[in-house]
Amino acid sequence: MGPSASSDLFQLFQREFRLCRLEPGEVVAVVSESGSRAEYVEASLGAAQALGARVFHLGLPKTHRQDVPFIDEARAGGNRQSALSTAVKALKEANLVIDLTVEGLIHAPERGEILGAGARMLTIIEPPDVLHRCFPREDLRRRVERAAQLLGESTTLRVTSDAGTDLTMTVAQAPLVTQYGYTDQRGRWDHWPSGLVAVYPQEGSTQGTVVLDVGDIVFPFKRYIESPVEFVVRQGYIREINGQGLDADLLRDYFASWRDPEAYATSHMGWGLDETARWNSLALYDKGEIIGVEPRSFYGNFMFSTGPNRYANRFTRCHLDMPMRRCTVYLDDRPIIERGEIVHPEMIVTR
Ligand code: FE2
């Protein structure tokens, strides 16, 4: 990387940290592991210092992939968990934790402890051009927060599609997640970039059918669906996975390989609001280059997910995020999205 690219990153990280309202004298912890983007470590340390923060860098050993059920953990080596629990004390002293680890500390048990101590936490994984292209905006935040407010006022969420999806769930008093790409509030986590809202419906309330259609996306496979797959959901769990094609076979096999009944639970549900995020971007990058927050955020997608729910003390590592196109989403019978187009006036972006 040449000098212009690194000064470009330095400027970009400064803009991002200003959005996070980083103040002189605040403590910033930069967390990385071997495999993290070295230029992001430098850009984070430099940008935070330039804004007058007191900065330290924490390097963790590399850990094995969390989404592979049949990995030999002993051979894969690197016990990040114990390193992180040792370091958690230091991280709790920080006002802002910059998480540059390869998969993010999103599901680490220590995350709650760090946020609980008041630190704001920001995950940065995606390549530089994605950080640029989907750079957060205050208007995106406004729309994401409005979406969360609407969810908070609603009782029922229903999602349908011409492909055959018809799923309902109870969202009254349900935990909400907002992501708009930066964080300026004590104890709040975000992921740069992103633009989505999610809810963890009441346990056992999710009911109906989800049909993944051609062009819908499955994480962690980082793959577009090429042959339809039907999930039959009763009382919050997937009871059947139907379909003749490779995608249905892959999904059935992946779920089964965890040997964990909790893998089949449904998890968070929500929709994407970022008009700068591209559905087709997944086709353009190598799998190892991205974590895929852009294809999770694209404007008007509905994201169905399965597996963990920390609010229900369910910590299965089998976690799938499945952004779907062309869905219609209702909150208490009021349409919010129609066939993939946002129709709620306060969330629409004119493109
Ligand atoms: Fe997820």
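The values are calculated or read from the model by the stated rules, or taken from the named source; none is laboratory data. Keep in mind that this is a model prediction, so the values were computed, not measured. Glycine gets a Cβ as well: all are built from the backbone with ideal geometry, and neighbour counts include every protein chain shown. When the accessible area is computed, the model is the full protein with side chains, heavy atoms only, and any ligands, DNA or RNA have been set aside. Shrake-Rupley method; radii C 1.70, N 1.55, O 1.52, S 1.80 Å.
Pairs linking a residue in the stretch 279-298 that is free of Cβ contacts under 8 Å to residues at least 60 places away in the same chain to a residue that is away from the ligand (no atom under 15 Å from the Cβ) and part of a helix (DSSP H, G or I), with Cβ atoms under 7 Å and 6 or more positions apart or on different chains, are Phe298/Trp279. Suppose the filter is part of a loop (DSSP other than H, G, I, E, B) and either at pLDDT 95 or above or open to solvent by 40 Å² or more (accessible area, probe 1.4 Å) (or both); does Gly46 pass it? For Gly46, the condition - part of a loop (DSSP other than H, G, I, E, B) and either at pLDDT 95 or above or open to solvent by 40 Å² or more (accessible area, probe 1.4 Å) (or both) - is not met.
Only one entry in Arg146, Arg141, Arg120 is modelled with pLDDT of 95 or more, under 22 Å from Ile348 (Cα atoms) and crowded, with 18+ Cβ neighbours inside 10 Å, namely Arg141.
Selection over the stretch 74-108 of residues that are within 16 Å of the chain's Cα centre (by Cα) and at pLDDT below 95 gives a count of 8.
Scanning the stretch 172-204 for residues that are within 14 Å of the ligand (Cβ to nearest atom) and of a type in the set (Phe, Trp, Tyr) yields Trp189, Tyr200. Out of the residues in the stretch 294-309 that are within 22 Å of Arg137 (Cα to Cα) and near the ligand (Cβ under 10 Å from one of its atoms), which is least open to solvent (accessible area, probe 1.4 Å)? Residue satisfying both the conditions and the ranking: Met303. Going residue by residue through the stretch 262-273, is there one that turns out to be away from the ligand (no atom under 16 Å from the Cβ), within 22 Å of Leu196 (Cβ to Cβ) and either in a helix (DSSP H, G or I) or hydroxyl-bearing (Ser, Thr, Tyr) (or both)? No: zero hits. Put simply, of Gly52, Gly59, Gly112 the only residue that is at positive phi and open to solvent by 10 Å² or more (accessible area, probe 1.4 Å) is Gly52.
For residues in the stretch 232-254 being free of Cβ contacts under 8 Å to residues at least 60 places away in the same chain and in a strand (DSSP E or B), which is nearest to the ligand (Cβ to nearest atom)? It comes out as Tyr237.
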